[in-house]
Amino acid sequence: MGDEHSSTAVMESSIAAGRPANEKQSQFLSTAEAARMLGLSTTLVQTLVDQGELKGWKTRGGHRRISLESIMDYQNASRSAMGVAIKSMMKPRVTVVVESAQLMSQLMLASANWQFAAEVTFFDSVTEGLLDLSSNRPDMLVVEMSMPRAQQEKTLQALENFNNRGRAPLSVVLVTEEKDLLSKHTSGTTNSIQVVSGPMSPIWMHAYLTGVVASCQI
């Protein structure tokens, strides 16, 4: 009789709530169980149900039953939103190497007035910039290549060697007039090294940083 009464109660509550009588009860949690799973208070969980953020229904006795699927969807959406928020708060680190003293002065003066959510570090030597990569790895590296072709090829090779050390390849942009600089290099890391037409200028750098910050906020 006990089992029969229980089955009848389940059927009645299901019909009263508009739920199929054969719906698996394990697919629904109580308010307290949902709160523990989400790490929220029961009051907040009830509010989320009322607002439609969580899908639920009520038994004849007035107890909420919350869809497990909607709880998992809410968790995934919360993690995704948190990831976007964290990403938007993080400032991309950009290392810029410029060997021309005059251009370096222009870029540093201009960048001081830019309101970019980015950390920009300048070096006046390729060697110094490369040495700094090991201890202070940036998100992007920009190198102004105005030296002779042979020296540019050596710099490119040094960057490829750095990217071949087993870590995730560093995103590199080489600003040079030598448009075919990559043509003789077939290393698998060349897809992380881009060559763009020079010369570098404050206008070019401003446009580049605009793109970097925008991409980090997507």
* Asked: Based on what the data block shows, is residue 90 within 23 Å of residue 211 (Cβ to Cβ) and modelled with pLDDT of 85 or more?
  -> no
* Tell me which residues, restricted to the stretch 119-142, are hydroxyl-bearing (Ser, Thr, Tyr) and either farther than 17 Å from residue 175 by Cβ or in a loop (DSSP other than H, G, I, E, B) (or both). => 125, 127, 134, 135
* Asked: Mind checking which residues of the stretch 151-170 are buried (at least 18 other Cβ atoms within 10 Å of the Cβ) and charged (D, E, K, R)?
  -> 160
* Asked: Just checking, how many residues over the stretch 92-118 are part of a loop (DSSP other than H, G, I, E, B), out of contact with any His (no Cβ under 7 Å at 6 or more places or on another chain) and in contact (Cβ under 8 Å) with a residue 60 or more places away in the chain?
  -> 5
* To do: Determine if the stretch 105-119 includes at least one residue that is surrounded by 18 or more Cβ atoms within 10 Å (Cβ to Cβ) and over 13 Å from residue 205 (Cβ atoms).
  => no
* Going by the conditions given, is residue 178 more than 15 Å from residue 97 (Cβ to Cβ) and either modelled with pLDDT of 85 or more or of a type in the set (Lys, Arg) (or both)? -> no
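The values are calculated or read from the model by the stated rules, or taken from the named source; none is laboratory data. From a predicted model like this one, the values you see are computed outputs, not experimental measurements. Cβ: placed from backbone, ideal geometry, glycine included. Neighbour counts: every protein chain shown.
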